[in-house]
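All of the numbers you see were taken from the coordinates with simple rules; none came from a lab. Quantities reported herein were computed from a predicted structural model and do not represent experimental measurements. All Cβ positions, even for glycine, are placed from backbone atoms using ideal geometry, and neighbour counts span all protein chains on display.
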Amino acid sequence: MLPAERHHAILSRAKETGTVRTTELARDFGVAEETIRRDLDLLAKRGLLHRAHGGALDPSAGLPELSQNEREALQFQEKRHLSLLAASLVKAGETLLLDASSTALELAAHLPAGVRVISYSLPVIERLAPRSDLELIQLGGVYEPKGRRFSGILTESAVLSIKVDRFFFSGRGMDLERGVSEPNPDQARLKSLMLRHAAWCCALLDHTKLGLRSDYFFARPEDLDAVVTDPSAKSFFKGKLRALPFQLYL
């Protein structure tokens with residue numbers, strides 16, 4: 001296959017699926033991953049793709065909001081790694097705020113005893129409800145069936161009435177210039193409020209989200225105290241560690 005033919009095939013696939021992965025393209029086209037990276041870089045320079053860590057995005061395709069079940073099925077091993085690492089940062093007696101992400105749900109399964117947990121996520125509440133060794137506070141509001149979470153002015157006013165030591169959250173993507181973003185404007189607003197309220201804020205992001213941008217940015221890099229990710233993110237942060245305004249855990 002000639003390079004021009006390969007470029008056309010890459011663009012066609014990106015248009016069809018919204019995203020393409022370097023490893024999958026290299027396997028399907030029978031070429032080295034470095035060849036695919038050069039292809040993606042070239043197509044990105046021409047404005048035909050948006051480059052992302054591990055692949056590229058069709059510029060005409062947004063990052064849609066996924067349902068709770070869809071989110072739970074993605075990158076499970078990476079989420080477990082992130083969750084165990086994040087749980088090790090927690091100290092007894094602290095008040096934790098967990099968002100409605102599937103990564104925060106996995107974190108809930110590994111939390112130590114003696115903490116207070118606040119969440120507006122129904123799955124998080126259900127997972128922690130059987131535990132008698134921690135205090136659990138559910139934030140009410142308007143229920144969103146797709147995300148299985150609560151939101152709105154009642155949620156916002158409730159969280160502001162409680163001291164929060166650590167806020168653990170995720171997003172649809174993270175860009176090192178613009179920060180963490182969400183496809184849902186209500187969720188972006190809620191998380192922005194929680195970021196300003198919490199004493200310490202940590203983004204839980206597996207490597208597939210790095211370099212991606214969704215519609216609504218809610219957390220600038222300088223708003224973060226920490227980012228917890230997985231070892232596959234090393235290449236994304238290579239050469240950038242000194243400039244990071246947050247602590248990186250991987």
If 120, 249, 143 are placed from fewest to most neighbouring beta carbons inside 10 Å, the sequence is 143, 249, 120
In nm, the gap between the two label points placed 7 Å beyond Cα toward Cβ at residue 134 and residue 199 is 1.8 nm
From the Cα centre of the stretch 83-107 to that of the stretch 9-57, the distance in Å is 34 Å
Once normalised by the length of the chain, the mean sequence separation of its alpha carbon contacts under 8 Å that are 6 or more apart gives a contact order in percent of 16 percent
Taking a crude spin-label model, label points 7 Å out from Cα along the C-beta direction, the residue 242 to residue 153 distance in nm is 5.0 nm
Extension length gain for residue 45 and residue 2 (0.36 nm per residue less Cα distance), in nm, is 13.5 nm
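Using only the Cα atoms of the chain, build the gyration tensor, take square roots of its eigenvalues as a ≥ b ≥ c, and label the shape rounded, prolate or oblate: rounded if a/c is under 1.5, else prolate if a/b is larger than b/c, else oblate.
In terms of gyration-tensor shape, prolate.
Exposure proxy check: 35, 208 ranked by fewest other beta carbons within 10 Å? Walk me through the intermediate numbers first.
Working: 35 16, 208 21.
Ranking 35, 208 by Cβ neighbours within 10 Å, fewest first, gives 35, 208.
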As a percent rounded to 5, the proportion of antiparallel DSSP bridges among beta bridges in the stretch 97-232 is 40 percent
Neighbour-count ranking for 210, 11, 205 (other C-beta within 10 angstrom, fewest to most) reads 11, 210, 205
So, relative contact order of the stretch 3-57 in percent, Cα under 8 Å, 6 or more apart, is 37 percent
Contour minus Cα-Cα span, residue 33 to residue 250, at 0.36 nm per residue, comes to 75.8 nm
Counting lysine pairs in the chain that sit 8 or more positions apart or on different chains, with Cα atoms under 25 Å apart, gives 22
